[in-house]
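Structure provided below as C-alpha cells; questions to follow.
The values are calculated or read from the model by the stated rules, or taken from the named source; none is laboratory data. On a predicted model such as this, the values are computed, not experimentally measured, just so you know. Cβ coordinates were reconstructed from backbone atoms using ideal geometry, including for glycine residues, and neighbour counts include every protein chain displayed.
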Amino acid sequence: MPDPSSTGDAPIRLQAYLAHAGVASRRAAERIILDGRVAVNGAVVRELGTKVLPGDRVELDGRPVSAEERTRYILLNKPAGYLCSMSDPEGRPLAADLLKGRVPERVYNVGRLDQWSSGLLLFTNDGELASRLIHPSGGIDKEYEFLADGPIEDEFFASFARGLTVDGVRYTAASAERTGPCSGKIVLVEGKNREIRRVLEAAGRRVKVLRRVRIGPLRLGELGEGEFRDLSRVEIEALKNY
C-alpha cells in the first residue's frame, strides 16, 4: 500500500488512505465511504474511485484523519463483563474504554471476545494487518483456558478435536486437552461465535471461566486484568510473519 508521506504528489485511493491511517481494512473502509461518513476538503464523498493528495483534509464522522498517525499495536487483558465494540446503546462497559485517555491514537479491537470471556485482545490502527488477522484464510490460532461447572468426560476433548456438530453447526478444535477434572485448554483456528461455550453446553456443562491466553505468537503472560501494553518490535514482526 502506498505511503502518502513517501509518494510525493501522487494521489492514492481514499480507501487506501483510510487503511493506512488505521481506520479500518480497505474493504471495511469502502463500506464507510459508501455510507457517506467520509469528507474530503469539506465535501462528503461516496465514490470508491475518489483519490486524495498529501495535504488534503480527510474527515471521518467529522473528525480529522491523518495517514501520518503513529501505528500502535496494543495487547489488552480484557476483563469479563466488557464488550468488544466501539459503542453500545445500552451503555455497557467497553473494552476500548480501558484505553481512553491513555492511547491518543484511534485504535480498534482485532476480532472479538464475548462479553463474559476475558483475556488477550489486540488493538491496532494497522488496518491491513487487522484484516489479515481476522480473515479465515489467515490461519491464526488462538488458545483458551476454561473452567467448567463440573467434571468433564474424556470423550469431550477427543470429540472436539475430531470435530462434532451442535445444532447443525460443525465445530472442530485444532487441539483440546484436559488440565484438570473441570478444566481444559482449547486451541481454535477458525473460531465461531461462542464456540467453546456451545460445545461444552452440548456436553452438559457450562463455562464458569473462559480466558484467551494466546493469539498466534502473542501470549498474555502476567499482564493483569484491565491492563495493557504495547507490543515489542519483535512481537510485531512475529505477528506479521506468523
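What number of residues within segment 57-83 are touching a strand residue (DSSP E or B) at 6+ places or on another chain (Cβ under 7 Å), modelled with pLDDT under 90 and not in a strand (DSSP E or B)?
Of the residues in segment 57-83, 0 are touching a strand residue (DSSP E or B) at 6+ places or on another chain (Cβ under 7 Å), modelled with pLDDT under 90 and not in a strand (DSSP E or B).
Can you find a residue in segment 123-134 that is modelled with pLDDT under 95, among the small types (Gly, Ala, Ser), under 29 Å from Lys185 (Cβ atoms) and surrounded by 13 or more Cβ atoms within 10 Å (Cβ to Cβ)? Outline the logic, then answer.
Of segment 123-134, the ones modelled with pLDDT under 95 are 124-134.
Narrowing further to those that are among the small types (Gly, Ala, Ser): 127, 130-131.
From what is left, the residues that are under 29 Å from Lys185 (Cβ atoms) are 130-131.
Narrowing the set further to residues that are surrounded by 13 or more Cβ atoms within 10 Å (Cβ to Cβ) leaves 130-131.
Looking for residues that are modelled with pLDDT under 95, among the small types (Gly, Ala, Ser), under 29 Å from Lys185 (Cβ atoms) and surrounded by 13 or more Cβ atoms within 10 Å (Cβ to Cβ), one finds at least one in segment 123-134, hence yes.
List the number of the failed condition for Asn77; all other conditions in (1) surrounded by 13 or more Cβ atoms within 10 Å (Cβ to Cβ); (2) closer than 27 Å to Asn109 by Cβ; (3) over 22 Å from the mean Cα position of the chain (by Cα) hold.
Asn77 satisfies all of (1) surrounded by 13 or more Cβ atoms within 10 Å (Cβ to Cβ); (2) closer than 27 Å to Asn109 by Cβ; (3) over 22 Å from the mean Cα position of the chain (by Cα) except (3).
For segment 176-205, give me each residue that is among the acidic types (Asp, Glu) and under 16 Å from Ala161 (Cβ atoms).
Selection gives Glu177, Glu190, Glu195.
A follow-up question, please. Being assigned to a loop (DSSP other than H, G, I, E, B), out of contact with any helix residue (DSSP H, G or I) (no Cβ under 8 Å at 6 or more places or on another chain) and not acidic (Asp, Glu), is that true of even one residue in segment 153-162? Spell out how you get there, then give the answer.
Restricting attention to segment 153-162, the residues satisfying the condition of being assigned to a loop (DSSP other than H, G, I, E, B) are 153.
Subset that is out of contact with any helix residue (DSSP H, G or I) (no Cβ under 8 Å at 6 or more places or on another chain): 153.
Checking which are not acidic (Asp, Glu) leaves us with none.
Within segment 153-162 (the criterion being assigned to a loop (DSSP other than H, G, I, E, B), out of contact with any helix residue (DSSP H, G or I) (no Cβ under 8 Å at 6 or more places or on another chain) and not acidic (Asp, Glu)), the answer is no, since none of the residues qualifies.
I'm trying to understand the selection: among the residues of segment 169-215, which are part of a loop (DSSP other than H, G, I, E, B) and surrounded by fewer than 19 Cβ atoms within 10 Å (Cβ to Cβ)?
Listed by number, the residues that qualify are Thr172, Ala174, Pro181, Cys182, Val189, Glu190, Lys192, Asn193, Arg194, Ala203, Gly204, Arg206.
Can I ask one more? Taking segment 20-56 as the region of interest, how many residues are under 22 Å from Tyr108 (Cα atoms) and not in a helix (DSSP H, G or I)?
10
To continue, here is another question. Looking at (1) under 30 Å from Arg27 (Cβ atoms); (2) assigned to a strand (DSSP E or B); (3) in contact with a Leu (Cβ under 6 Å, 6 or more places away or on another chain), which is the one condition that is false for Arg92?
(2)
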